[in-house]
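Since the structure comes first, as structure tokens, the remarks are kept for the end.
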Amino acid sequence: MSNSDNIFDKEEEYFLHTYKRIPIEISHGEGVYLFSVDGKKYLDFFSGLAVNALGYGNVKVIQAIEEQIKKFIHISNYYINSPQIELAERLVKYSGLSKVFLTNSGTEAAEASLKLVRKYFGPEKKIITFSNAFHGRTYGSLSLSGKDKYKKNFSPLLSNILQLEFNDIGQLENHVDANTAAVYMEFLQGEGGIKVASYQFAQKVVELRAKFGFALVADEVQSGIGRTGLPFAYNHYGIEPDLVIIAKAIGGGLPLGALITNRKYENVFEYGDHGSTFGGNPVACAAGLAVIESVFNSGLINQVASLGKYFKSELELICEKHPNKIVDVRGLGFMMGVEFFKPCANLVKEFREQGILINCTSENVLRILPPLISTKENIDHFINIFNQIVNEINE
């Protein structure tokens, strides 16, 4: 047992050192705010890494969870239950696809997609991924990911996976061919630095799919469920993927993810090909139904689209004033990134000292992921603090 009462000392003693913890202890959340045990209030523009789409203490999510808990918390997936079926029905509706496999996380959904792709196309055909992609940390999803810093100590990873430069049409044309099984694509990269696929690049992928017949797998783990102002990021391109991977926001804060397939691939898996003990937990599915109702049927997604444009325009105005400090502003809806010429980890600390929580990714990109319930007043407050902090940066 630890001899210290300090929670950070206890974390150091009992946890594997996989997380670089932020030096605040959270006591509770309310709306778009988190509160520390010492009473400080933080505007959370990180949203639990895009999980807490409806913020904290959402009445509909809590009610859905409470009602389901009273019935049963868990049953085996050998038994059918209505929260799963209702959630699958909604996911099919809003994705435009056909069938669903429920998981606990995005990395599990990626693993499920890999098994499906390998079963359908066989082991010989290659899988295409892109630079700076992030699809998860388990072995299959890690094999798909782009950054060496996550992969360097874990070789050998899965074979027959080829990484191309994101948004490079020439590389696509040179490497995608009849021996391609699948192309994995984040239409809006998150961990990769909030990089948006160009329209021409996305259309070239679709053109090559029509020619060679590979599966287009859209990773919407971070960008899905209304975060970009449309149901999924791929909707901005008028594209229908073959497979979609989702997680994060869909569970309302509980572990939940999904692989969604179109009709072409809906019968690839047979009984026993894949499964999960906890995937599609009924309590998580009940929470997910409340999230979908709030995002898609209450006008919230339209608010995200409108305020997202306003947010980006305000960030761009500041960017224009500081061409020697800021490279550019990128993103869609409430998934924004500001790239600086210098590393930005210290800026995250400055925001925290000003009562705002955000994140730095790819060394020099501020990643901003407000809860979808954020208001214009919340955005204006962020912009005011952002402007102050940028003004104080030494060139």
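Key figures for this structure:
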{"quantity": "Test set (1) touching a Ser or Thr at 6+ places or on another chain (Cβ under 6 Å); (2) surrounded by fewer than 19 Cβ atoms within 10 Å (Cβ to Cβ) - PHE134 fails condition number", "calculated": "(2)"}
{"quantity": "Positions within the range 1-34 being loosely packed, with under 13 Cβ neighbours inside 10 Å and small (Gly, Ala, Ser), in sequence order", "calculated": "SER2, SER4, SER27"}
{"quantity": "Filter pass, GLU320 being outside any strand (DSSP E or B), in contact (Cβ under 8 Å) with a residue 12 or more places away in the chain and under 22 Å from VAL196 (Cα atoms)", "calculated": "no"}
{"quantity": "Filter result (basic (Lys, Arg) and under 16 Å from the mean Cα position of the chain (by Cα)) within the range 128-153", "calculated": "ARG137"}
{"quantity": "Residues satisfying the stated conditions in the range 141-178, i.e. open to solvent by less than 70 Å² (accessible area, probe 1.4 Å), in a loop (DSSP other than H, G, I, E, B) and more than 18 Å from LEU116 (Cβ to Cβ)", "calculated": "SER145, GLY146, LYS147, LEU157, PHE166, ASN167, ASP168, VAL176, ASP177, ALA178"}
{"quantity": "Filter result for LEU54 (assigned to a loop (DSSP other than H, G, I, E, B), of a type in the set (A, V, I, L, M, F, W, C), open to solvent by less than 60 Å² (accessible area, probe 1.4 Å) and touching a Ser or Thr at 6+ places or on another chain (Cβ under 9 Å))", "calculated": "yes"}
{"quantity": "Every residue from the range 339-383 that is farther than 17 Å from CYS319 by Cβ, assigned to a loop (DSSP other than H, G, I, E, B) and not polar (S, T, N, Q)", "calculated": "PRO343, GLY355, GLU363, LEU369, PRO370, PRO371, LEU372, ILE373"}
{"quantity": "Enumeration of residues in the range 210-231 that are of a type in the set (A, V, I, L, M, F, W, C) and either closer than 12 Å to ALA305 by Cα or open to solvent by 10 Å² or more (accessible area, probe 1.4 Å) (or both)", "calculated": "ALA210, PHE212, VAL221, LEU230"}
{"quantity": "Residue ID - modelled with the highest pLDDT, chosen from residues in the range 138-159 that are closer than 16 Å to GLY190 by Cα and among the small types (Gly, Ala, Ser)", "calculated": "SER141"}
{"quantity": "Some residue of the range 199-207 being surrounded by fewer than 20 Cβ atoms within 10 Å (Cβ to Cβ), in a helix (DSSP H, G or I) and in contact (Cβ under 8 Å) with a residue 60 or more places away in the chain", "calculated": "no"}
{"quantity": "Residues of the range 57-89 satisfying the condition of being under 30 Å from ILE239 (Cα atoms) and surrounded by 20 or more Cβ atoms within 10 Å (Cβ to Cβ)", "calculated": "PRO83, GLN84, LEU87"}
{"quantity": "From TYR310, TYR271, residue being open to solvent by 40 Å² or more (accessible area, probe 1.4 Å), in contact with a Lys or Arg (Cβ under 8 Å, 6 or more places away or on another chain), of a type in the set (Phe, Trp, Tyr) and more than 21 Å from VAL221 (Cβ to Cβ)", "calculated": "TYR310"}
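The values are calculated or read from the model by the stated rules, or taken from the named source; none is laboratory data. Worth saying up front: this structure is predicted, and the values here are computed from it rather than measured. Positions of Cβ are generated from backbone atoms using ideal geometry, with glycine treated the same way; all protein chains shown enter the neighbour counts. Surface areas here come from the heavy atoms of the whole protein model, side chains and all, with no ligands, DNA or RNA. Shrake-Rupley method; radii C 1.70, N 1.55, O 1.52, S 1.80 Å.
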